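Notes follow once the structure below has been shown.
The values are calculated or read from the model by the stated rules, or taken from the named source; none is laboratory data. Bear in mind the structure is a predicted one, so any value in this text is a computation, not a measurement. Glycine gets a Cβ as well: all are built from the backbone with ideal geometry, and neighbour counts include every protein chain shown. These accessible areas exclude ligands, DNA and RNA; they are computed on the full protein's heavy atoms, side chains included. Shrake-Rupley method; radii C 1.70, N 1.55, O 1.52, S 1.80 Å.
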Amino acid sequence: MPPMIAENPTYLPFMKMHGLGNDFVVIDERGIAPRVDAALAVALGDRHRGVGFDQLAVLANHPETDIRLTFWNSDGSTAGACGNATRCIARHVMDATGQQTLTITTDRGTLLAKDAGAGLVSVNMGHPQLDWAEVPLAEAVDTLQLPIPGTPVATGMGNPHCTFFVDDAESINLAERGAEIEHHPLFPERTNVQFVSVTGPDRLRMRVWERGVGITLASGSSSCAVAVAAARRGLTGCAVTIDLDGGTLEVDWRDDGVWMTGPTAHVYDGQWRL
């Protein structure tokens with residue numbers, strides 16, 4: 001499938017998309033020379049002088065799967081996984097091609113996405129990384145009970161996550177605590193941070209701080225990490241409903257990986273003047 005708009009040396013076409021308010025700029029580099037680097041990610045990510053996003057996703061061809069995705073944060077760092085962006089782009093490609101399933105290459109590995117019906121998209125985010133060295137952590141500790149006040153859980157989903165289970169997620173000063181934990185020395189690559197309350201049988205309320213971004217309305221990889229952490233702690237079963245600031249996701253930790261299902265939205269197309 002050709003890129004969204006014919007290549008122009010002056011303008012770079014992009015799409016703006018979101019999943020539950022977790023928003024993305026998507027650049028289609030299929031058939032054009034790569035243009036995205038850290039400086040461009042920072043410029044595009046500026047919500048006052050650029051376009052603004054939680055993540056920048058670059059769509060490219062891959063010889064062995066349907067597409068390749070690479071993710072950037074708004075501070076110019078890269079992200080190994082971005083579940084909501086993966087679902088949004090899968091919806092875009094499936095609508096354009098008529099496919100019901102897609103194989104997607106990411107730094108996380110090869111992911112499978114499928115049309116779940118009723119406007120929803122599911123993606124298998126792969127098996128969680130539960131060993132301290134895979135998350136990764138700076139030293140050998142029990143990932144189910146980290147030696148941090150609040151005894152959070154560490155989970156790798158292609159990127160590191162630190163999950164606190166609290167009585168009331170709404171009462172947490174997320175800006176202060178999220179920034180503090182993101183840079184905790186136990187996480188050499190920094191970490192995403194979640195504060196979670198159990199609100200019902202197999203139902204969770206989550207608020208999230210993303211590394212390199214800050215507070216976001218939703219996060220797909222964080223939702224997967226939280227579902228795994230809750231099941232490991234015995235707080236829920238393996239299939240849960242997660243209520244985020246931007247809406248609701250369904251997450252199911254199965255034998256073949258962690259499946260996440262939710263809505264997507266294509267907001268607008270634009271061109272960035274280089």
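Out of region 1-36, which residues are at pLDDT 95 or above and open to solvent by 40 Å² or more (accessible area, probe 1.4 Å)?
His18
Please note which strands (runs of 3 or more DSSP E) are completely contained in region 55-150 and include at least 1 residues that are open to solvent by less than 60 Å² (accessible area, probe 1.4 Å) and without any contact (Cβ under 8 Å) to a residue 12 or more places away in the chain.
109-117
The rows are residues; the columns are (1) within 17 Å of Ala57 (Cβ to Cβ); (2) within 14 Å of the chain's Cα centre (by Cα).
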{"site": "Ser222", "(1), (2)": "yes, yes"}
{"site": "Ala229", "(1), (2)": "no, no"}
{"site": "Ala239", "(1), (2)": "no, no"}
{"site": "Leu244", "(1), (2)": "no, yes"}
{"site": "Gly247", "(1), (2)": "no, no"}
{"site": "Val258", "(1), (2)": "no, yes"}
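Please enumerate the residues belonging to region 6-47 that are closer than 17 Å to Asp269 by Cβ and polar (S, T, N, Q).
Selection gives Asn8, Thr10.
Which ones in region 80-109 are of a type in the set (Val, Ile, Thr), more than 24 Å from Gly212 (Cα to Cα) and out of contact with any His (no Cβ under 9 Å at 6 or more places or on another chain)? Steps first, answer last, please.
So the first thing to find is which residues in region 80-109 are of a type in the set (Val, Ile, Thr), and the list is 86, 89, 93, 97, 101, 103-106.
From what is left, the residues that are more than 24 Å from Gly212 (Cα to Cα) are 93, 97, 101, 103.
Once the filter is applied, which keeps residues that are of a type in the set (Val, Ile, Thr), more than 24 Å from Gly212 (Cα to Cα) and out of contact with any His (no Cβ under 9 Å at 6 or more places or on another chain), region 80-109 yields Val93, Thr97, Thr101.
Within region 168-186, restricting attention to residues that are over 20 Å from the mean Cα position of the chain (by Cα) and of a type in the set (Asp, Glu), which residue is surrounded by the most Cβ atoms within 10 Å (Cβ to Cβ)?
Per the criteria, the residue is Glu180.
Residue by residue, here is whether (1) closer than 24 Å to Asn22 by Cα; (2) out of contact with any strand residue (DSSP E or B) (no Cβ under 7 Å at 6 or more places or on another chain); (3) not hydrophobic (A, V, I, L, M, F, W, C) holds:
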| residue | (1), (2), (3) |
| --- | --- |
| Asn73 | yes, no, yes |
| His92 | yes, no, yes |
| Thr106 | yes, no, yes |
| Val121 | yes, no, no |
| Thr143 | no, no, yes |
| Gly156 | yes, no, yes |
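Going through Ser221, Ser171 one at a time, which residue ends up being in contact with a helix residue (DSSP H, G or I) (Cβ under 9 Å, 6 or more places away or on another chain) and not basic (Lys, Arg)?
Working: Ser171 fails: in contact with a helix residue (DSSP H, G or I) (Cβ under 9 Å, 6 or more places away or on another chain).
Going through Ser221, Ser171 in turn, the sole match is Ser221.
Which of the residues belonging to region 150-177 are within 21 Å of Asp54 (Cα to Cα) and touching a Gly at 6+ places or on another chain (Cβ under 7 Å)?
Selection gives Gly158, Asn159.
Please determine whether any residue of region 243-259 is buried (at least 17 other Cβ atoms within 10 Å of the Cβ), under 24 Å from Gly80 (Cβ atoms), in contact with a helix residue (DSSP H, G or I) (Cβ under 6 Å, 6 or more places away or on another chain) and aromatic (Phe, Trp, Tyr).
So far as region 243-259 goes, yes, one or more of its residues are buried (at least 17 other Cβ atoms within 10 Å of the Cβ), under 24 Å from Gly80 (Cβ atoms), in contact with a helix residue (DSSP H, G or I) (Cβ under 6 Å, 6 or more places away or on another chain) and aromatic (Phe, Trp, Tyr).
So, in region 88-105, exactly how many residues are of a type outside the set (Gly, Ala, Ser) and out of contact with any helix residue (DSSP H, G or I) (no Cβ under 9 Å at 6 or more places or on another chain)? Step through it out loud before you land on a result.
Taking region 88-105 first, the residues of a type outside the set (Gly, Ala, Ser) are 88-89, 91-95, 97, 99-105.
So of that shortlist, the ones also out of contact with any helix residue (DSSP H, G or I) (no Cβ under 9 Å at 6 or more places or on another chain) come out as 88-89, 91-95, 97, 103, 105.
Here the count works out to 10.
Pick from region 151-167 the residues that are not aliphatic (A, V, I, L, M) and not in a strand (DSSP E or B): which of them is surrounded by the fewest Cβ atoms within 10 Å (Cβ to Cβ)? Before the answer, list the steps.
Step one: list which residues in region 151-167 are not aliphatic (A, V, I, L, M), which gives 151-152, 155-156, 158-165, 167.
Pick out the ones that are also not in a strand (DSSP E or B) and you get 151-152, 158-159, 167.
Details: Thr151: 13, Pro152: 27, Gly158: 23, Asn159: 27, Asp167: 7.
Looking at residues that are not aliphatic (A, V, I, L, M) and not in a strand (DSSP E or B), I get Asp167.
Could you list, in sequence order, all residues of region 124-145 that are under 18 Å from Cys224 (Cβ atoms) and out of contact with any Gly (no Cβ under 6 Å at 6 or more places or on another chain)? Full working, then the answer.
Filtering region 124-145 for residues under 18 Å from Cys224 (Cβ atoms) gives 124-131, 134-136, 143-144.
Pro128, Leu130, Asp131, Pro136, Thr143, Leu144, listed by residue number.
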